[in-house]
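Before any comments, here is the structure.
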Amino acid sequence: MSTAKKLAPEAVPGIRSWRHRMAEPDMRQRVEVSDDDRTVATAEVITSEGSGGTARVSLRAEPGHITPGRRASLVDAVLDLPEVQESARLEAAFRLGDGESLYRLQERCEDVSTRPAGWSALVDANLPSGRAGQHVPDSAGKEPVPGA
């Protein structure tokens with residue numbers, strides 16, 4: 001990703017983010033969540049310039065065991081991106097059976113609808129206005145790390 005700008009990975013341990021401008025006016029960002037220096041989940045995020053648009057997100061988790069909470073951390077990191085917070089709608093795709101990502105999206109978004117599409121689940125949702133930066137505690141009752 002030579003054209004990408006790396007964003008302060010030290011700000012949140014285990015979460016890295018890159019962004020680069022696509023064909024105007026879209027921006028593509030990549031967010032990675034790692035566990036013991038191994039990337040376990042990634043998100044590709046496409047947002048339009050300006051507020052009120054739609055953020056399109058593709059969530060992917062590596063096969064095998066992933067520490068509980070890491071998929072939810074990825075969803076939180078995506079929803080906390082300033083460009084996503086400026087959006088009004090969210091369209092997300094992820095692997096069927098990823099209940100942790102779905103549950104976190106349902107906690108943090110409004111009017112969530114889900115439908116299967118092959119091996120994927122597609123989510124359409126409204127992003128809450130006036131709640132930027134608010135987090136929902138994870139299933140263990142812990143508050144996520146700020147910005148995670």
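The values are calculated or read from the model by the stated rules, or taken from the named source; none is laboratory data. Computed from a prediction, not measured in an experiment: that's the story for all the values here. With ideal geometry, Cβ positions are generated from the backbone for all residues, glycine too; neighbour counts draw on all protein chains shown. Remember, those area values only see protein heavy atoms, side chains included, never the ligands or the DNA or RNA. Shrake-Rupley method; radii C 1.70, N 1.55, O 1.52, S 1.80 Å.
For the range 83-95, the criterion of being closer than 21 Å to Asp26 by Cα, among the polar types (S, T, N, Q) and part of a helix (DSSP H, G or I) is met by at least one residue.
For Ser58, the conditions (1) open to solvent by 50 Å² or more (accessible area, probe 1.4 Å); (2) hydroxyl-bearing (Ser, Thr, Tyr); (3) under 20 Å from Ser34 (Cα atoms) all hold with the exception of (1). Checked against (1) surrounded by 18 or more Cβ atoms within 10 Å (Cβ to Cβ); (2) of a type in the set (S, T, N, Q); (3) at pLDDT 95 or above, Gln29 meets all criteria but (3).
Among the residues of the range 74-86, write down those that are small (Gly, Ala, Ser) and either open to solvent by 70 Å² or more (accessible area, probe 1.4 Å) or modelled with pLDDT under 95 (or both). Spell out the reasoning first.
Initial filter on the range 74-86 (small (Gly, Ala, Ser)): 77.
Those that are small (Gly, Ala, Ser) and either open to solvent by 70 Å² or more (accessible area, probe 1.4 Å) or modelled with pLDDT under 95 (or both): none in the range 74-86.
Quick check on my filter: what residues within the range 115-148 are outside any loop (DSSP other than H, G, I, E, B) and either open to solvent by less than 70 Å² (accessible area, probe 1.4 Å) or at pLDDT below 50 (or both)? Passing the criteria: Ala117, Ser120, Ala121, Leu122, Val123, Asp124, Ala125, Asn126. For Gly52, the conditions (1) open to solvent by less than 40 Å² (accessible area, probe 1.4 Å); (2) outside any strand (DSSP E or B); (3) not aromatic (Phe, Trp, Tyr) are fulfilled apart from (1). Filter the range 96-106 down to the residues that are open to solvent by 10 Å² or more (accessible area, probe 1.4 Å), of a type in the set (A, V, I, L, M, F, W, C) and part of a helix (DSSP H, G or I) and list them by number. If the condition is that a residue be open to solvent by 10 Å² or more (accessible area, probe 1.4 Å), of a type in the set (A, V, I, L, M, F, W, C) and part of a helix (DSSP H, G or I), then Leu102 is the only one that fits.
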